[in-house]
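S.K.: First, the structure itself, so that you have it in front of you.
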Amino acid sequence: MSQQVKKPLNSLQKAINKQVSVRLKMELEYRGKMASVDQYMNVILVDATEYSGGNPSANYGKVVIRGNNVLFIKISSDFEP
Amino acid sequence: MSQQVKKPLNSLQKAINKQVSVRLKMELEYRGKMASVDQYMNVILVDATEYSGGNPSANYGKVVIRGNNVLFIKISSDFEP
Amino acid sequence: MSQQVKKPLNSLQKAINKQVSVRLKMELEYRGKMASVDQYMNVILVDATEYSGGNPSANYGKVVIRGNNVLFIKISSDFEP
Amino acid sequence: MSQQVKKPLNSLQKAINKQVSVRLKMELEYRGKMASVDQYMNVILVDATEYSGGNPSANYGKVVIRGNNVLFIKISSDFEP
Amino acid sequence: MSQQVKKPLNSLQKAINKQVSVRLKMELEYRGKMASVDQYMNVILVDATEYSGGNPSANYGKVVIRGNNVLFIKISSDFEP
Amino acid sequence: MSQQVKKPLNSLQKAINKQVSVRLKMELEYRGKMASVDQYMNVILVDATEYSGGNPSANYGKVVIRGNNVLFIKISSDFEP
Amino acid sequence: MSQQVKKPLNSLQKAINKQVSVRLKMELEYRGKMASVDQYMNVILVDATEYSGGNPSANYGKVVIRGNNVLFIKISSDFEP
């Protein structure tokens, strides 16, 4: 296999200190700065906002999200907040 | 990778003896002093209050919460109790 | 990290032979003397009472509860039975 | 830790050839002689009766129950059959 | 422990080439000759009939059932088909 | 044990390049040529048809099915398509 | 066994940089260029569109999907977009 294989979870490390959106299985979404992430997708967000059904429902100074509930992590580009 | 990687679960250890809020999958939340936590997010809370649907529903002198049910752990800052 | 880390599940061992309350995921609760517990939260209770929806529903001389169904274990203090 | 730690699943082995009641997650219960059990709570019952919603619903000469569905195993004393 | 411990899943191997009934979690049952079984309860049945809600719903010349969905395996005696 | 034990998942390898039917937990079925399979029942089907509720609902040139969702794999004989 | 065995997840690596469709358990589908994938089916899609119930519901510049929620990954041929 000539092409270089990049592991998805290694690539997540490059988004440290960027704004991300973490979507959980049960219609909950958390947006904030990703302070830390590991290979199970355990994530620490700071200055995070919780969205429930698309509406902001709570604020969190610092929250540790357990990876096994994560559906996906969206990495924000400059132009889509 | 030049940036220093901090593991989310290691960071949890720094919140030992602080007030935290542990949210479970099934609409239950437990607030109290985190006496102990491990890499599976098994947590011991002391002087804890259970909130069900946002309302206090029970008090616990000491409770051991199994990590696999944890959705997230919120670390309380000074100004949001 | 200067502070001493105590593992939650090791701490559970100190509650052997004490009265505990084991809450399962499906609205069931078992109260009795904890004769044995391991790191998966598999628990043996003796002289146990089952509570379903808050009401006593059955008695068990000896029951082995499988850990993966445990939500939390409450360790009874002297003043809350 | 001075007290002697007994593992819950080792203790289960002592109930081999005794009458037990195996409760599954989905409202099913199986009562019979426990011919065999392992550390995952995989169980073989012989001369077993299935109870669904508290009523006998089937008989089994020999049945192998997969441990991951087990909620608890009740060990029958002499006076509660 | 003086009594001889037999593992449940080893005992399953003795039922190879016998008629069995495999019950899954979701109200499905498969009856046929067990051609093969492993320690995860992955099973191959040949000349199998599917029962859904107690009624025959399909026939299978050869079917490989994934063990993690198995609730129990009933080993047929001579007198209960 | 004198009889030769064949592992179910090894036997699956013999069905490579044959027509199979892969049934998932959520009422979905995929029929096609099995190009590849591993011990977790991860499967690659080519020229596959999806059936939802028994009716064809989509076609797939090549699809990789994750094993943990598989309920069973039916191996087609010559006379049952 | 004379035939050459190809692992399904190794074959997935060949679809790197191709258009794929990732179907999750909960009626969600993500279509985009697969930038990365590992053996747990953790996937990074770029320029991705989310479909909910068959209709486009969101766009993602870059999204990391956790493998344990993946039902299947469809590899697009030239003629079926």
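None of the figures in this text is laboratory data; all of them are computed from the coordinates on show. Since this is a predicted model, take the numbers as computed values, not measurements. Positions of Cβ are backbone-derived with ideal geometry, glycine not excepted, and every protein chain shown enters the neighbour counts.
S.K.: Report the label-to-label distance for A:Asn17 and E:Lys14 in nanometres (one decimal), using points 7 Å from each Cα along the Cα→Cβ vector.
M.R.: 6.5
S.K.: Explain nothing, just compute: Karplus ³J(HN,Hα) = 6.51 cos²θ - 1.76 cosθ + 1.60, θ = phi - 60°, for every residue of the range G:39-52 in order, whole Hz, x for Gly and Pro.
M.R.: 6, 8, 6, 4, 9, 10, 10, 10, 6, 9, 10, 8, 10, 10
S.K.: With unit charges on the beta carbon (Lys/Arg positive, Asp/Glu negative), name the residue among B:Val37, B:Ser11, B:Ser52 whose Cα is farthest towards the positive pole of the charge dipole of the range B:8-75.
M.R.: It is B:Ser11.
S.K.: Okay, next question. May I ask which of D:Lys33/D:Lys74; G:Lys25/G:Lys62; D:Lys25/E:Lys18; F:Lys25/G:Lys62; B:Lys18/C:Lys74 have a Cα-Cα span longer than 22 Å here?
M.R.: As for pairs spanning more than 22 Å Cα to Cα, those are D:Lys25/E:Lys18; F:Lys25/G:Lys62.
S.K.: Using alpha carbon centroids, what distance separates the range C:17-81 and the range F:1-66, in Å?
M.R.: After rounding, the separation between the Cα centres reads 42 Å.
S.K.: Counting only C-alpha contacts under 8 Å and six or more residues apart, can you give the relative contact order of the range F:22-81 as a whole percent?
M.R.: 35
S.K.: Testing the spin-label approximation: label points 7 Å from Cα along Cα→Cβ at B:Val46 and E:Lys7. State their distance in nm.
M.R.: A separation of 4.3 nm, rounded to one decimal place.
S.K.: Assigning unit charges at the beta carbon (Lys, Arg +1; Asp, Glu -1) and nothing else, what dipole magnitude in debye, to the nearest 20, does the range D:15-75 show about its Cα centre?
M.R.: The dipole magnitude comes to about 120 debye.
S.K.: Through the Karplus equation 6.51 cos²θ - 1.76 cosθ + 1.60, θ set to phi - 60°, convert the phi angles of the range G:58-69 into ³J(HN,Hα) values in whole Hz; use x for Gly and Pro.
M.R.: Couplings: 6, 10, 9, x, 8, 9, 9, 9, 6, x, 5, 9 Hz.
S.K.: How large is ³J(HN,Hα), in whole Hz, for each residue of the range D:16-29 in order, when computed from phi with the Karplus curve 6.51 cos²θ - 1.76 cosθ + 1.60 and θ = phi - 60°, using x for Gly and Pro?
M.R.: 4, 6, 9, 6, 9, 10, 9, 9, 9, 5, 9, 6, 10, 9
S.K.: Another question, if that's okay. Amide H neighbours of D:Asn59 under 5 Å, counting only residues 5+ apart in sequence or on other chains, H built in-plane at 1.01 Å?
M.R.: D:Glu50
S.K.: Another one. For chain F, which span is the longest to avoid every loop-located (per DSSP) member of trypsin sites (Lys or Arg not before Pro) having at most 12 other Cβ atoms inside 10 Å?
M.R.: F:19-81
S.K.: Once the Cα atoms of the range B:8-75 are picked out, what are the Rg and Dmax in Å?
M.R.: Values for the range B:8-75 (Cα only, Rg and Dmax): 10.8, 31 Å.
S.K.: Quantify how strongly other chains surround peptide B:56-69 by giving the mean number of their Cβ atoms within 10 Å of each of its Cβ atoms.
M.R.: Going residue by residue through B:56-69 and averaging, the value is 6.
S.K.: Could you work out the per residue convex hull volume over the alpha carbons of the protein assembly as shown, in cubic angstrom?
M.R.: 195
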